[in-house]
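Each value in this text was obtained by applying a stated rule to the coordinates, not by laboratory testing. For clarity, every value in this text was computed on a predicted model and none was experimentally measured. Cβ: placed from backbone, ideal geometry, glycine included. Neighbour counts: every protein chain shown.
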Amino acid sequence: MKHVLSLALFSLCLVLIANTNSLAQAPAGFKTGYIILNDNTRKEGFVKENFKSKAAVIFQDADGKKTAYSGNDIKETGIDGITYISYSSDFFKLVSSGAKASLFQKVTDASGQIIFNGSEAVGVSSGSEGGIKDFFIRTSKENSLHLVTKKNFQSVISTYCGDCPSVTESANNKTITYEKLQEVIQLYNECK
């Protein structure tokens, strides 16, 4: 009898382990992640990016329900440990962050995408400025993203990092350049 009870307990443990593993595994094409809706509600589940063709993500909750979200529908998503924010209907990958400024890279082009309010089409997105792979700075002083290019590097750094003379001086005398943009943001965040 003791042997039968041990075997039953062992079998129950195997079933529980198998069910736990199946719940933790992402469905095909999805990765573990989250979304933050415009009302700041955070939902954990599985996310599939659909950046190239639709400028959107597909979210699957614990019940298996799938919902597509455009950049207009959510504030942020995390996919397999990588954070993306939405701004002007586009998605931007967080490259570097700090207390004073963050650096983002554009990953979608939402221009021409239809904007929906529920199931009703309400307009067409003009998207955000810049192209895919362009870099943007957002400071803690404001919520806007500012396009940084090789051409406007010095003026953007002077304007948005102006409270750190060592960074702006280095940009102006070309000690630091656009190619070291991530380092510039790090230096700006370290500036006292």
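Seen from Lys106, the other residues with C-beta closer than 12 Å to its C-beta sum to a net charge of -2, counting Lys and Arg as +1 and Asp and Glu as -1.
Can you tell me the length gained on complete extension of the stretch Thr177 to Ser144, counting 0.36 nm per residue apart and subtracting the Cα distance?
9.6 nm
Note on Asp134 and Ala26: the model spin-label points, each 7 Å out from Cα along the C-beta direction, lie 2.9 nm apart.
Taking other Cβ within 10 Å of each residue's Cβ, how do Phe136, Phe30 sort, fewest first?
Details: Phe136 23, Phe30 20.
Final ranking by Cβ density, sparse to dense: Phe30, Phe136.
Considering only alpha-carbon pairs that sit under 8 angstrom and 6 or more positions apart, the relative contact order computed for segment 26-148 is 17 percent. Semi-axes of the equivalent ellipsoid of segment 16-110 are 25, 15, 12 Å, computed as sqrt(5λ) over the eigenvalues of the C-alpha gyration tensor in descending order.
Each Cα pair of segment 38-83 feeds into the Kirkwood radius, which the Stokes-Einstein equation turns, at 37 °C and 0.692 mPa s, into a diffusion coefficient of 299 µm²/s. What the Kirkwood sum gives for segment 149-192 is a hydrodynamic radius of 10.0 Å, with every pair of different alpha carbons counted. In this structure, Ala99 and Asp61 have a Cβ-Cβ separation that, at R0 = 41 Å, corresponds to a calculated FRET efficiency of about 0.80. Ranked for footprinting exposure by Cβ neighbours inside 10 Å, fewest first, Ile36, Ile82, Ile137 give Ile82, Ile36, Ile137.
Going by how many other beta carbons lie within 10 Å of each one, how would you line up Asp61, Asp73, fewest first? Mind dumping the intermediate values first?
Values: Asp61 13, Asp73 19.
The order, fewest Cβ neighbours first, is Asp61, Asp73.
Let's test the formula: R0 of 35 Å, r as the Cβ-Cβ distance of Asn152 and Glu44. What FRET efficiency results, to the nearest 0.05?
With a Förster radius of 35 Å, E is 0.35.
Length gain on complete extension for the stretch Thr159 to Ile82, per 0.36 nm per residue less the alpha carbon to alpha carbon distance?
Length gained between Thr159 and Ile82: 24.9 nm.
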